[in-house]
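We did not get these values from a lab; they are worked out from the coordinates using the rules stated. It should be emphasised that the depicted structure is a prediction, and the values quoted were computed from it without experimental measurement. All Cβ positions, even for glycine, are placed from backbone atoms using ideal geometry, and neighbour counts span all protein chains on display.
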2 protein chains.
Amino acid sequence: MTLELAAEVGYAGLNIEAVARRAGVGKHTIYRRWPSKPALLLDALSRVWITDLDYDDTGDVRADLREQFLRSAPALANPPIGPVYRGLIAEAQTDPALRATLHERFLLTVERRTLDRITRAQHAGELVAGVDLEFAAEVLCGTLYYRHLLSTRPIDEGTVDALLDMFMAAYGTTR
Amino acid sequence: MTLELAAEVGYAGLNIEAVARRAGVGKHTIYRRWPSKPALLLDALSRVWITDLDYDDTGDVRADLREQFLRSAPALANPPIGPVYRGLIAEAQTDPALRATLHERFLLTVERRTLDRITRAQHAGELVAGVDLEFAAEVLCGTLYYRHLLSTRPIDEGTVDALLDMFMAAYGTTR
């Protein structure tokens, strides 16, 4: 409901009064549970989003990363998630506490799931042993976020393939 | 002068009237040249920043990238550049035209200079031939921007070394 309303009025136009009106409750009911607009939106986002972040494990790490990146890119770019998430990221630039929360609840979650998947690939012998895969997970996520937030270029198949070419060239055992 | 004022009052607190007052001119004098606050700040930023982005060419690509990344990271994090640049990036999240301008004038400039340096390394035989270095330049820049904008972690020597380890593992001829 919150995200639907956000999709209608935009991140900047959304406020707790409007959410309360749409929900048919008093605004204090909302404030009791969510002390601020970012807190409300973070919870709304995590309900629709986090459940869909899992990687497949087909035994082919490159294919599984590719599938998940191509699936999550449009989800991040379009409603209901895209504009609200972008608005929160913008607000986090001048609010270090929000940035820390956003990092912990979303970005670090994505990185950790990525790390889990590539660590399994390392154990299966698809990736070389003894490399810092935690940082590799950050590079994979970071490159896609950078393109999404700071460029005018889309995250398309060519992007994902170029990223995975680099990743496998650096860490694959068959490089 | 604009950036000094921005450092005092913050990105959100800055407006063209205040800049005109500080400069001792009428606000129309400012508006004639810069139609908006982002336009004014983009010009102010580019005067202090772009000149300092060049890479050394000592013949050791890893050392030259490392030196430039460690030099530019604090410049991006601290005044006069840091807070204004962060404010523009935030505003660009809800303003696609500003995002395109920011991308063209700053991020793409950094990527192209990075591409120049690593292309020279490829010609010198330090990096393997036949790989997509344009995307590699995006990965290098993107990873650092991601950490700067979306995490609570600093860009320190460990970060830069881990990034360059990955880069050289993927593209170095001595891997």
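Table for the structure above
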read-out: Label 7 Å beyond Cα on the Cβ vector: A:Ser46 copy-to-copy distances, nm; value: 4.2
read-out: ³J(HN,Hα), Karplus 6.51/-1.76/1.60, whole Hz, each residue of the range B:76-87, x for Gly, Pro; value: 6, 8, 10, x, x, 7, x, x, 5, 5, 4, x
read-out: Estimated FRET transfer efficiency when R0 is 30 angstrom, pair B:Val128-B:Ala63 (beta carbons, to 0.05); value: 0.95
read-out: Ranked list, fewest to most other Cβ atoms within 10 Å of each Cβ, for B:Lys27, A:Lys37; value: B:Lys27, A:Lys37
read-out: J(HN,Hα) series, the range A:14-26, from Karplus relation 6.51 cos²θ - 1.76 cosθ + 1.60, nearest Hz, glycine and proline x; value: 7, 8, 5, 4, 5, 5, 4, 4, 4, 7, x, 10, x
read-out: Nonlocal amide H pairs with A:Leu127, under 5 Å, H built at 1.01 Å; value: A:Gln122, A:Thr173
read-out: For B:Arg153, distant residues with modelled amide H under 5 Å away; value: none
read-out: Under Karplus coefficients 6.51, -1.76 and 1.60, residue-wise ³J(HN,Hα) of the range A:156-163 in Hz, glycine/proline x; value: 10, 4, x, 4, 5, 5, 5, 5
read-out: Shortest-first nm distances, B:Pro154 label point to equivalent points in other copies (7 Å, Cα→Cβ); value: 4.1
read-out: Inter-copy spacing of B:Pro79 label points, which lie 7 Å from Cα along Cα→Cβ, given in nm from shortest upward; value: 4.1
